[in-house]
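The values are calculated or read from the model by the stated rules, or taken from the named source; none is laboratory data. Only a predicted model underlies this, so the values are computations on that prediction, with no experimental measurement involved. Cβ sites come from the backbone with ideal geometry, for glycine too, and all protein chains shown count toward neighbours.
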Amino acid sequence: MTLKHSTLHTEHLELGARLVDFGGWEMPLSYPDGTIAEHLACRNDAAVFDVSHLGTVRVEGPDSFELLQTSLTNDLNRIGPGRAQYQHLLDETDASVLDDIIVWWVAKERFDVMPNASNTARVISVLGGQDVTGERAVIAVQGPRARERLATVSPEAAAVGHFMVADFEFKGVSCRVAGTGYTGEDGVECAVPSEKAPDFWRAVVGAGVKPAGLGARDTLRLESGLPLHGHELGAGITPLQAGLGWVVSWDKGPFRGREALERERASGIRRRLRGLLAEGRRPPRRGDAVVFDGEALGVVTSGNFSPVLQRGIALAFVPPPTAMGDKVEIALRGSQVGAIVVKPPFQHLKLEGAIS
Amino acid sequence: MDVPQDLRYTADHEWARLEDSAVRVGLTDFAQEALGDVVFVQLPSVGATVVRGGELGEVESTKSVSQVYAPVGGTVVEVNAALTGQPERINTDPYGEGWLCVIEPSAPGEFEELIDAAGYLSLTQS
């Protein structure tokens with residue numbers, strides 16, 4: 001299989017990026033300063049990520065609203081044109097989350113649907129629409145100083161509100177920006193046509209925003225408790241199990257997977273996603289068992305080291321009665337490490353007293 | 001990539017330095033580069049017996065878990081306790097402050113059988 005490359009590939013190589021295969025794309029894993037430095041730059045200042053591997057599927061026409069409204073779980077009537085919304089696409093038969101998606105509502109009858117890289121084809125098979133992924137780069141600028149720094153490149157892009165969508169011009173080409181991201185920080189994601197994307201990237205980096213790779217993107221999303229499709233969402237996992245019931249609008253009428261999800265709501269979920277804060281630095285990993293009083297009743301879906309807390313952290317499926325503050329053990333490759341059930345985002349937890 | 005001339009190496013990217021009769025062990029610059037940010041190190045206990053090529057410990061980075069193997073067999077006489085709180089020393093100073101442990105070899109000849117700098121360099125470039 002040939003790996004796809006972002007239009008920013010040359011820029012990444014020049015910056016000394018270490019590359020990784022992700023969903024069929026060869027993308028930066030990290031730059032020479034490393035994942036932790038990139039992570040902390042995003043938490044404390046600003047970082048820029050090439051997320052061109054995300055899909056963009058353009059759905060338009062008089063039927064587009066109704067198509068999305070009946071295919072996806074959230075209610076578009078809660079927003080309107082010029083806004084973005086987090087959505088799930090469910091499996092008809094068991095309400096598994098086939099993909100989690102951000103929908104950019106661009107104009108009355110026009111939507112840019114942003115699936116995960118490897119799920120783009122699956123989303124198109126349900127929604128139709130035109131795959132315009134190859135026409136643009138998506139550049140995420142994230143962090144407490146992201147807007148301030150981006151404003152020196154494009155004041156319009158920097159000014160877009162949280163979960164708002166707007167068009168802006170950069171060097172004579174029309175670009176699109178949304179006040180969205182995947183880091184737990186304030187920031188924006190800019191869709192820039194391929195021919196001007198390298199200029200835009202260079203300008204953002206030149207404004208003092210630190211390039212960050214998929215490694216930091218993953219530790220940032222995990223620390224913020226955000227799900228990753230294939231880990232916390234996917235085959236056999238429903239929005240209710242993942243603790244994302246707010247993405248499901250029960251009062252909007254029929255949508256794909258609704259009946260199956262109603263059955264689960266009535267019978268009760270068999271497992272629930274929770275955050276785990278480990279006692280030490282050792283990172284829990286996907287597949288590690290979560291042990292309750294000697295019984296392995298849960299499983300880690302994602303785990304790593306939290307650069308902010310300097311502790312191992314994890315998301316895990318546990319039995320539904322599990323409560324915040326419960327003490328568990330994580331079976332970490334031969335040894336058991338104590339952990340406490342917590343509510344992410346992890347980076348905002350106060351450690352004192354969290355673990356006795 | 002830094003490959004000091006005065007050290008010996010393994011194909012698993014450990015380095016070994018002969019200090020009197022003992023052998024100080026660490027991970028090479030190549031290894032730390034490949035691992036990325038090291039966030040946790042599992043070291044052997046002082047007094048533990050290790051065999052050549054056997055498991056010595058574990059290093060974990062933000063992206064992976066890797067085993068560390070003993071370049072020589074013997075008894076662990078010292079471990080770098082500072083790595084518990086500051087495992088990033090493996091990244092910042094792999095041949096200095098990032099050392100892992102010191103082994104008193106049971107068969108001194110094993111050290112001589114390790115790869116020299118030129119051999120290790122060509123191994124990492126192949």
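Here are the numbers:
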| read-out | value |
| --- | --- |
| Extreme residue, nearest to B:G85 (Cα to Cα), among residues of the stretch A:301-356 that are in a loop (DSSP other than H, G, I, E, B) and within 12 Å of chain B (Cβ to nearest Cβ) | A:Q310 |
| Tabulated pairs, the stretch A:101-122, first under 11 Å from A:L68 (Cα atoms), second part of a loop (DSSP other than H, G, I, E, B) and aliphatic (A, V, I, L, M), C-beta under 7 angstrom, 6+ apart or interchain | A:W105/A:I79 |
| Out of A:E60, A:E66, A:E38, A:E26, sole residue that is under 25 Å from A:V160 (Cα atoms) and more than 14 Å from chain B (Cβ to nearest Cβ) | A:E60 |
| Top-ranked residue in the stretch A:276-300 [being touching a strand residue (DSSP E or B) at 6+ places or on another chain (Cβ under 8 Å), away from chain B (no Cβ under 14 Å) and not β-branched (V, I, T); ranked as surrounded by the fewest Cβ atoms within 10 Å (Cβ to Cβ)] | A:A296 |
| Criterion: over 19 Å from A:E185 (Cα atoms) and small (G, A, S) - qualifying residue of A:A140, A:A158, A:A146, A:A107 | A:A107 |
| Number of the condition not met by B:A31 [criteria: (1) within 12 Å of another protein chain (Cβ to nearest Cβ); (2) assigned to a helix (DSSP H, G or I); (3) under 14 Å from the mean Cα position of the chain (by Cα); (4) of a type in the set (A, V, I, L, M)] | (1) |
| Residue identified as crowded, with 16+ Cβ neighbours inside 10 Å, at positive phi and touching a residue at least 60 places away in the same chain (Cβ under 8 Å) among A:G55, A:G23 | A:G23 |
| The stretch B:82-111, residues that are in a loop (DSSP other than H, G, I, E, B), without any contact (Cβ under 8 Å) to a residue 12 or more places away in the chain and within 18 Å of B:E58 (Cβ to Cβ) | B:Q86 |
| Residues being modelled with pLDDT of 95 or more and either closer than 16 Å to A:E223 by Cβ or of a type in the set (D, E, K, R) (or both) - total across the stretch A:326-339 | 4 |
| Conditions (1) surrounded by fewer than 21 Cβ atoms within 10 Å (Cβ to Cβ); (2) closer than 27 Å to A:I237 by Cβ; (3) aliphatic (A, V, I, L, M); (4) at pLDDT 95 or above: number failed by A:I101 | (1) |
| Residue under evaluation B:A11, criteria (1) in contact with a helix residue (DSSP H, G or I) (Cβ under 9 Å, 6 or more places away or on another chain); (2) within 14 Å of chain A (Cβ to nearest Cβ), criterion not met | (2) |
| Count - residues of the stretch A:268-294 that are closer than 17 Å to A:A242 by Cβ and of a type outside the set (V, I, T) | 9 |
| Subset of the stretch A:210-254 that is β-branched (V, I, T) and in a helix (DSSP H, G or I) - its residue that is surrounded by the most Cβ atoms within 10 Å (Cβ to Cβ) | A:T219 |
| Test: B:V68 is aliphatic (A, V, I, L, M), within 12 Å of the chain's Cα centre (by Cα) and either at pLDDT 95 or above or surrounded by fewer than 17 Cβ atoms within 10 Å (Cβ to Cβ) (or both) | yes |
| Inter-residue pairs, beta-carbon under 7 Å, first within 9 Å of another protein chain (Cβ to nearest Cβ) and in the stretch B:60-72, second among the polar types (S, T, N, Q) and part of a strand (DSSP E or B), 6+ apart | B:T62/A:N304 |
| Residues within the stretch A:1-20 that are in contact (Cβ under 8 Å) with a residue 12 or more places away in the chain, surrounded by fewer than 18 Cβ atoms within 10 Å (Cβ to Cβ) and hydrophobic (A, V, I, L, M, F, W, C), tallied | 4 |
